[in-house]
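See structure below.
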Amino acid sequence: MCALFGWLDYKHIIPYKILKKLTQALANAAEERGTDAAGISYIRDGQVVIYKRPKPSHKIHFNAPDDTTAIMGHTRLTTQGNQKFNQNNHPFYGHADKNFAFAHNGVLYNDMELRKTKNLPATHIETDSYVAVQLIEQQKKLDFNSLKSMAEAVQGNFTFTILDEDNSLYIIKGSNPMCLLHFEMLGIYIYASTESIMKNALRKVNMLSFPYTRIETAHGDIIRINSNGIINRSEFDSREDFRYASFMKYYDDWEDEYYTQHEQLLLEMCNCYGVDEDDVILLLDYGYSADEIEDMLCDYTLITDTVRAVKGEEEYEDFLCEI
């Protein structure tokens, strides 16, 4: 898992000192979903700037220029592509009819297949997410049509964000979470992967007392917020039966390998959620799938209650064996 975060300030009434604190507060709060690397992107003089480092957010000083009107950020929990090589970290640079920065929360499973079937150019970037950038670049245009095509081609779990050179923010909402708030009185949109990240960050900058509206983001939505704060929407086809056919073509080849990797990923990231590795192993041995456990990690009460129930049942079985 990773985290997305950022903001788009369209009224320009909030002092930049506050916006700078907001960026750092969002980045630090987003560490709950990844501490291997972190980065932000912003627009300076019409150019896309990306600043990222293979460090946790709290060890990075995010310092965009005073006239910055939008920030797109990411914290990373490494799945594919060593974070020590900074080119593997988010955000990524892309170019279609305009330059853009791209970030992804989730895991794509068919990136290698897409590189072959779509004849994508060779790249030194190892991260699975980068195939989405290449799919957009191949269409030579950044718009709803190219984003729809990209989102329907990739397989896995995802939510993507894009910041283009015109300071327009795109959110492509797959199965991974997204919390988007609009503070109309302040003239700013703020987003984060989860509500807990959002609230922790807003509390740090004393913004929870201001009125806001939650903007709904459903699976299959493509949302564009331009530099004037105007929202436009489109959709991609997210139906399971639509995506299932292409997915099954290569599923059998990597199923065993994927679940071994997936289980290992759970063991690596469970401590970020306050869950012991031994408890994850217990649930895997008991028969819970890696996907089921990953969902449980987002709900601490649920996973602790489940572990407690499994332990209790095992103790009862041991008692029956003794008698």
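Filter segment 296-308 down to the residues that are surrounded by 13 or more Cβ atoms within 10 Å (Cβ to Cβ) and under 15 Å from M269 (Cα atoms) and list them by number.
Within segment 296-308, M296, L297, C298, I303 meet the criteria.
Within segment 249-256, is there a residue that is among the basic types (K, R), surrounded by 14 or more Cβ atoms within 10 Å (Cβ to Cβ) and modelled with pLDDT under 75?
no
Tell me whether segment 112-121 contains one or more residues that are in contact with a helix residue (DSSP H, G or I) (Cβ under 7 Å, 6 or more places away or on another chain) and surrounded by 24 or more Cβ atoms within 10 Å (Cβ to Cβ).
The answer is no; no qualifying residue exists.
Suppose we keep only residues that are among the aliphatic types (A, V, I, L, M) and over 17 Å from the mean Cα position of the chain (by Cα) within segment 202-236. Which one would you say is nearest to G34 (Cα to Cα)?
L202
Among the numbered criteria (1) open to solvent by 10 Å² or more (accessible area, probe 1.4 Å); (2) within 24 Å of I197 (Cα to Cα), which single criterion is violated by D67?
Single failed check for D67: (2).
Among the residues of segment 1-59, which ones are polar (S, T, N, Q) and either assigned to a loop (DSSP other than H, G, I, E, B) or buried (at least 18 other Cβ atoms within 10 Å of the Cβ) (or both)?
T23, Q24, N28, T35, S41, S57
In segment 122-170, what residues are assigned to a loop (DSSP other than H, G, I, E, B), within 16 Å of S234 (Cβ to Cβ) and in contact with a Ser or Thr (Cβ under 8 Å, 6 or more places away or on another chain)?
Answer for segment 122-170, where residues must be assigned to a loop (DSSP other than H, G, I, E, B), within 16 Å of S234 (Cβ to Cβ) and in contact with a Ser or Thr (Cβ under 8 Å, 6 or more places away or on another chain): Q139, S168.
Determine if segment 180-187 includes at least one residue that is of a type in the set (G, A, S), assigned to a helix (DSSP H, G or I) and farther than 14 Å from R224 by Cα.
No, segment 180-187 has no match at all.
Within segment 67-80, which residues are part of a loop (DSSP other than H, G, I, E, B) and within 19 Å of E31 (Cβ to Cβ)?
Of everything in segment 67-80, those that are part of a loop (DSSP other than H, G, I, E, B) and within 19 Å of E31 (Cβ to Cβ) turn out to be L77, T78, T79.
Here is a check on your reading of the model: is T78 surrounded by fewer than 22 Cβ atoms within 10 Å (Cβ to Cβ) and under 30 Å from H12 (Cβ atoms)?
no
What single numbered condition from (1) in a helix (DSSP H, G or I); (2) in contact with a helix residue (DSSP H, G or I) (Cβ under 9 Å, 6 or more places away or on another chain); (3) at pLDDT 75 or above; (4) open to solvent by less than 70 Å² (accessible area, probe 1.4 Å) fails to hold for K311?
Answer for K311: the failing condition is (4).
Under 6 Å between Cβ atoms, which residue pairs at least 6 apart in sequence (or on different chains) link something in segment 155-179 that is open to solvent by 10 Å² or more (accessible area, probe 1.4 Å) with a partner that is in a strand (DSSP E or B) and of a type in the set (F, W, Y)?
N176/F158
Could you list, in sequence order, all residues of segment 81-110 that are polar (S, T, N, Q), surrounded by fewer than 24 Cβ atoms within 10 Å (Cβ to Cβ) and part of a strand (DSSP E or B)?
Correct list: N99 only.
Under 7 Å between Cβ atoms, which residue pairs at least 6 apart in sequence (or on different chains) link something in segment 132-154 that is over 14 Å from H95 (Cβ atoms) with a partner that is open to solvent by 40 Å² or more (accessible area, probe 1.4 Å)?
Hits for this filter: S149/Q139.
Return the pairs, sorted by first residue and then second, in which the second residue is open to solvent by 30 Å² or more (accessible area, probe 1.4 Å) and assigned to a strand (DSSP E or B), the first residue lies in segment 43-66 and is in contact (Cβ under 8 Å) with a residue 60 or more places away in the chain and more than 18 Å from K17 (Cβ to Cβ), the beta carbons are less than 7 Å apart, and the residues are 6+ apart or on different chains.
Correct list of pairs: V48/Y93.
Does S175 fit the bill of being over 14 Å from H74 (Cα atoms) and at pLDDT below 95?
yes
Take the residues in segment 269-283 that are without any contact (Cβ under 8 Å) to a residue 24 or more places away in the chain and within 18 Å of T79 (Cβ to Cβ); name whichever of them is least open to solvent (accessible area, probe 1.4 Å).
Result: V280.
The values are calculated or read from the model by the stated rules, or taken from the named source; none is laboratory data. Quick caveat: nothing in here was measured; it's all calculated off a predicted structure. Quick reminder, even Gly has a Cβ in these numbers, built from the backbone with ideal geometry, and neighbours come from all protein chains shown. Only protein heavy atoms, including side chains, enter the accessible area calculation; ligands, DNA and RNA are left aside. Shrake-Rupley method; radii C 1.70, N 1.55, O 1.52, S 1.80 Å.
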